[in-house]
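Everything below concerns the one structure shown next.
Just so you know, all these numbers are worked out from the coordinates, no wet-lab data involved. For clarity, every value in this text was computed on a predicted model and none was experimentally measured. Note: ideal-geometry Cβ built from the backbone for every residue, glycine included; neighbour counts use all protein chains shown.
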Amino acid sequence: MNKSETVSIDKIIENLIYLHPLLSKSLTRSMRAKTSLNPGSLYILGILSRHEILSMSEIGCKLSMPKPHVTAQVDKLIAEEMVERLFDPNDRRIVNIKLTEKGKDDFKTIKQDISKDMREQIEKLDEQKLRLLSDSTQLVRDILSEIMMDSNPTTSCNKMQ
């Protein structure tokens, strides 16, 4: 690897590190204004809205969240009647989690509210920046997904995605 490649990789790493708190801050601000649920709980609702039923391990794997943290978040969501536990009849060690109707409805509303807030900010951009942001975010998403799949393709987590 030559020096220019190192500089380029260093710049990518710097940008990714810089982006994370910016994204987290903007999303968290919108989330906190719309719900008393913490971001971890909302991420769990989001992943369940896409996959319907997941085991605790699958949730943790997909969200890169430790299983004890998933359990604590799921317990809070159960208390809010947003998710329910489903025990596997063939293997009692497996606990699956599913959104309740209340969870589906509440998550849909929260997602719409957050999207509305984000839309209001993004709509301020001119057409060229909108196109660039759309293309760039899709490209970053695709590349990061590829990196995650390539980083350890034999893990069960990567097989689940």
TODO: Take the chain, connect every pair of alpha-carbon atoms lying under 10 Å apart with a spring to form a Gaussian network, then pick out the residue of Met56, Met118, Met82 with the largest mean-square fluctuation.
DONE: Met118
TODO: Starting from the coordinates of the alpha-carbon atoms of the chain, obtain the Kirkwood hydrodynamic radius over all distinct pairs and give the value in Å to one decimal.
DONE: 18.1 Å
Open item on the list: Please list, short to long, the whole-number percent of alpha-carbon pairs of the range 37-124 in consecutive 5 angstrom bins beginning at zero.
Closed with: 3, 14, 25, 23, 16, 9, 6, 3, 1, 1, 0
Open item on the list: Pick from Glu84, Glu101, Glu146 the residue whose mean-square fluctuation is largest in a GNM of the chain, springs joining Cα atoms under 10 Å.
Closed with: Glu146
Open item on the list: Students often get this wrong, so check it: of Lys34/Lys111; Lys67/Lys98; Lys108/Lys129, which have C-alpha atoms separated by over 18 Å?
Closed with: Lys108/Lys129
TODO: Can you list which of the trypsin sites (Lys or Arg not before Pro) found in the range 90-151 are DSSP loop residues with at most 13 other C-beta atoms within 10 Å?
DONE: Arg92, Arg93, Lys124
Open item on the list: Could you tell me the extents of the range 106-147's C-alpha atoms along the three principal axes, largest first, rounded to whole Å?
Closed with: 32, 28, 8
TODO: Run the numbers on the chain and let me know its relative contact order in percent, using alpha-carbon pairs under 8 Å that are six or more apart.
DONE: 20 percent
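Is there a quick way to get the dipole size of the chain? I mean about its Cα centre, with the Cβ of Lys and Arg at +1 and of Asp and Glu at -1; what is the value in debye to the nearest 20?
With Lys and Arg at +1 and Asp and Glu at -1, about 260 debye.
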Open item on the list: At a threshold of 8 angstrom on Cα-Cα distance, excluding pairs fewer than six apart, so keeping six or more, what relative contact order does the range 37-124 reach in percent?
Closed with: 28 percent
- [ ] Mind checking the full-extension length gain between Arg29 and Val95? Use 0.36 nm per residue of separation minus the Cα-Cα distance, one decimal, nm.
- [x] 20.5 nm
- [ ] Between Leu37, Leu27, Leu130, find the one with the highest GNM mean-square fluctuation for the chain; connect C-alpha pairs within less than 10 Å.
- [x] Leu130
